[in-house]
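The values are calculated or read from the model by the stated rules, or taken from the named source; none is laboratory data. Values in this document were obtained by computation on a predicted structure and should not be read as measured data. Glycine gets a Cβ as well: all are built from the backbone with ideal geometry, and neighbour counts include every protein chain shown. Ligands, DNA and RNA are stripped out before the accessible areas are found, and what is left, the full protein with its side chains, is counted by its heavy atoms. Shrake-Rupley method; radii C 1.70, N 1.55, O 1.52, S 1.80 Å.
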Amino acid sequence: MSYTREQIEDFLYHEAALIDEWKTEDWANLFTEDAEYLIPPTENPDANKDTALFIINDDYHRLQQRAIRLGKRTAHAEFPHSIVRHMISNVRIISQSANDLVVNYNQVVYRSKRQITDTYICSATQHLVPDGDSFKIRSKRVILATDTLRPQGRVSIIL
Amino acid sequence: MSQKTSPIPLPSGADGFIRDDRANNEFLVPRKAFTSPEVLAAEYERIFSQCWLYAAHASELPEPNSFVSRRVGGRELIINRDSDGEIHAFFNACSHRGAMVCREKTGKNKWFVCPYHGWAFNSAGTRVAQDNETGFPDGFFDGGSKDLTKVAKLAVYRDFIFITYNSNAGSLSDYLGDAAEMLDLVADQSETGMEVTEGNHEYSMRANWKLLLENSADGYHAMATHASYFDYLQSTNGSFRSDFNPSDIGGACTAFGNGHAAIEYVAPWGRPVAQWVPQWGDQGRDAVNQLMETLIKRHGEERARRIGEKNRNILIFPNLVINDIMALTIRTFQPVNEGYLEVNAWSLAPKEEHADVRKFRQYNFLEFLGPAGFATPDDVEMLELCQQGYKNMPEPMWNDISKGMSKAINGSDDELQMRTFWRRWNALMTAD
Ligand code: FES
Ligand SMILES: [Fe+2]
C-alpha cells in the first residue's frame, strides 16, 4: 500500500499539535521502542551520533524521560510552560517501503516566554512505520537551519 | 595600566568594589557589577585585555596550515599552524583596511586572501607580494609592517592554547600557577593526547558573563536547580555507581592564585575515564576497567583513582571552565553586552578512546550538559532570572556569597570558588 502526502501531513500535524499543547508523554508514545530523536551539530548535520557531540541524542528511554521531565515544575526552563507553535511545510515523501517511510519537511518553531520569542528554523527527516491507521516514529532527526544556537541559547522544548 | 578609564560606577568601600568581611564571615558583591555597561567596558580593559585567555585546543589544529577562527575575549582571531606546524594567533582583520580575511570557522589554509582588495597572507601571517601590484614603492611590504597582526603573546600548556592581548603579561605558567595541576589531571587521562571531538555547542544566555562563571562550579545549586536531572538518574537503571551514597559527595574546593579555583568530589555517575556504572553493560565494564589499569600503570594507584573517579569543576580566571564530570567539557564564554553572553563548549576525550567508551561519553555529555541537556537549560533559566532580578535595584543591592566562609575547608557546595573569582576581579578592577 502506498501513502499519500496528505496522510503523512496529517500525522506530522498531529505530532506537532501534541508538542504545542504540551502533551509531551503522548508525543513520546508516538515512537517505537528502538527509536531515536536527534539534533546533530549545526556544522555537520550528517555527523555520527556515536562519535560526534550532538545537541540532542536521545534513545527511546531518554526521549521518554525528556517528555516526563518537561511535565515537572522542576524542569525550570519550561516552568511555566512557554508558548510553542510549529509551522510545518515543504513535506516530501522521500521513499516508502512496507516498513519504512522516509519523510522530509521544513519547520519553523516559535517559543515565547517572558516577553521574548525565539525562532527555530529547521528541516527534519522522519522514518515512519505504519501502525494501524496511523504511524510510529522510528527516527526523527531535526536539523537546525541556523549556523549556531545564538540567540535562542537553548532547546528546552521539543522541536 | 591605562589611566584613561572613566570612573567605574560601583560603590567603593574599604575592600574595593566587594565587601569581604572576614571578621563576620560575610561576602557581598554589588549587583550593579552585572548590569552596568561602564563596568563591562572596564572589564574589557582591565580583565579581557590583561589576562591570559583560553583560545583553542591544539587538537583542533591537527596539521600544518590548519586553522580555526573565533572570538576570544570579544576579539575576532585566526588561530592556526603555519607550514612548519608552529601555532599562531592573528587578529582576523586585514592590514589594508580591516576586512576580516577569514570567513570559515575551521579548515586548512596555506593562504588567507582578503576578499576586499585581494591582499594575500601566508599561514605565518606574512603579506605576500602580488603579481602586477602597482602604486606601492619598492620594498613597501618588506619588514612586516603590513603582515597580519599577531596577538601580544601565545603559549600552550598541555595542548591548551592561551593568548593574551597584554604585551607586559607574565608567563602563562606563572599565570596558571598551581592551577596547572588541575589541567594535568585532565591531560593525563590520555596516553597519546586529548582531542576535541567533532561538534560543538555555540549558544548564548541573556545574562552577564560572571553569572555563568559562578554557576559553572556551584555545587550548592545542584539539588534545587537540577532536581529533575537527579529524578532522571533515579529512573535510569544503573546510572549511579552501585555503592553510591549521596552523603559521600563531600569534596573540597581549592583556591589557587590569580583567581583560579576548582572543586573536586565523588562522582555519583559513570565517567568515561574511568568509572563504570551498570548502565554500560559488561562490555563497557571491560573497556573502562582496562582504562583504569593503564591509568594505574602510568600514574600509580592513588593518582589514577583521583584522575578517573573524582569529578572536578575547574575555573581558570577569567572565563575558562573545564568540567570533568559525566563527560569532559571545555567551556569558554564572553560578554557581548552586560546582559548577554556567548558560550562555546566542546567535548574533550582521549585520542585513543575505545569506540564504546566514546559513545557513552557523547551520550552522557548530553544528559546533563549542553543547550538541550537535562540540566544546562535550567542553568540558563536561573542566570536569566538573576539578570532580570537585578533590575530591581537599587534597593536589593548586594549578592551574598558567604557560604562556607567560616569553615577551614570549603566543600564542593560552599562558595569559596566564587569568592576566589571575585577577589581577583576586585583586585584587577581597583588596581591603579
Ligand atoms: S581590506 Fe583587505 S585588501 Fe583591502
Ligand atoms: Fe547547573
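Remarks
- Among the candidates A:THR74, A:THR42, A:THR24, residue that is modelled with pLDDT under 95 and either touching a helix residue (DSSP H, G or I) at 6+ places or on another chain (Cβ under 8 Å) or closer than 30 Å to B:GLU195 by Cβ (or both): A:THR42
- Residues located in segment B:353-384, provided they are under 18 Å from the mean Cα position of the chain (by Cα) and either among the basic types (Lys, Arg) or open to solvent by 20 Å² or more (accessible area, probe 1.4 Å) (or both): B:PHE368
- Restricting B:LEU183, B:LEU212, B:LEU172 to residues that are more than 16 Å from ligand 2 (Cβ to nearest atom), assigned by TED's automatic domain parsing to the domain that holds B:GLY389 and touching a residue at least 24 places away in the same chain (Cβ under 8 Å) narrows the list to B:LEU183.
- Candidates are the residues of segment A:20-42 that are among the hydrophobic types (A, V, I, L, M, F, W, C) and more than 14 Å from every other protein chain (Cβ to nearest Cβ); the one that is surrounded by the most Cβ atoms within 10 Å (Cβ to Cβ) is A:TRP27.
- So B:GLU63, is it away from ligand 1 (no atom under 16 Å from the Cβ), within 14 Å of chain A (Cβ to nearest Cβ) and closer than 22 Å to B:ILE330 by Cβ: no
- The residues in segment B:116-136 that are hydrophobic (A, V, I, L, M, F, W, C) and away from ligand 1 (no atom under 15 Å from the Cβ) can be counted, and the count is 1.
- Test: B:LEU348 is of a type in the set (A, V, I, L, M, F, W, C), open to solvent by less than 10 Å² (accessible area, probe 1.4 Å), without any contact (Cβ under 8 Å) to a residue 40 or more places away in the chain and in contact with an Asp or Glu (Cβ under 9 Å, 6 or more places away or on another chain): no
- Summed over segment B:221-233, residues that are more than 10 Å from ligand 2 (Cβ to nearest atom) and within 24 Å of the chain's Cα centre (by Cα) total 1.
- The residues of segment A:111-134 that are exposed (fewer than 14 other Cβ atoms within 10 Å of the Cβ) and within 11 Å of chain B (Cβ to nearest Cβ), listed by number, are A:ARG114, A:GLN115, A:ILE116.
- Note on segment B:156-244: enclosed helices (runs of 4 or more DSSP H) holding 1 or more residues that are more than 11 Å from every other protein chain (Cβ to nearest Cβ) and open to solvent by less than 10 Å² (accessible area, probe 1.4 Å) are B:172-176, B:180-187, B:209-215.
- Looking only at residues in segment A:2-19 that are free of Cβ contacts under 8 Å to residues at least 24 places away in the same chain and more than 30 Å from A:PHE79 (Cβ to Cβ), the one that is most open to solvent (accessible area, probe 1.4 Å) is A:GLU6.
- Only one of the numbered conditions (1) closer than 23 Å to B:HIS226 by Cβ; (2) buried (at least 21 other Cβ atoms within 10 Å of the Cβ) is not met by B:PRO318, and that is (1).
- When every residue of segment B:387-399 is checked against the conditions, at least one turns out to be more than 16 Å from ligand 1 (Cβ to nearest atom), part of a helix (DSSP H, G or I), within 22 Å of the chain's Cα centre (by Cα) and within 14 Å of chain A (Cβ to nearest Cβ).
- All of B:LEU40, B:LEU77, B:LEU28 fail the test of being farther than 27 Å from B:GLY257 by Cα and open to solvent by less than 60 Å² (accessible area, probe 1.4 Å), apart from B:LEU77.
- The number of residues in segment B:93-115 that are free of Cβ contacts under 8 Å to residues at least 24 places away in the same chain and within 11 Å of ligand 1 (Cβ to nearest atom) comes to 6.
- Exactly one residue out of B:GLY411, B:GLY404, B:GLY373 is within 16 Å of ligand 2 (Cβ to nearest atom), more than 28 Å from B:PHE48 (Cα to Cα) and of a type in the set (Gly, Ala, Ser), and it is B:GLY373.
- Residues in segment A:43-83 that are more than 9 Å from every other protein chain (Cβ to nearest Cβ) and among the β-branched types (Val, Ile, Thr): A:ILE83 alone.
- Pairing residues of segment B:77-88 that are in contact (Cβ under 8 Å) with a residue 24 or more places away in the chain and of a type in the set (Ser, Thr, Tyr) with residues that are assigned to a loop (DSSP other than H, G, I, E, B) and open to solvent by less than 10 Å² (accessible area, probe 1.4 Å), at Cβ distances under 6 Å and at least 6 apart in sequence or on separate chains, gives B:SER83/B:SER123.
- Residue in segment B:286-307 that is crowded, with 22+ Cβ neighbours inside 10 Å, closer than 26 Å to A:THR148 by Cβ and in contact (Cβ under 8 Å) with a residue 40 or more places away in the chain present: no
- Condition check for B:SER83: part of a loop (DSSP other than H, G, I, E, B), away from ligand 1 (no atom under 16 Å from the Cβ) and more than 14 Å from chain A (Cβ to nearest Cβ): yes
- Just one of the listed residues (A:ILE137, A:ILE93, A:ILE157) is in a strand (DSSP E or B) and surrounded by 22 or more Cβ atoms within 10 Å (Cβ to Cβ), and it is A:ILE137.
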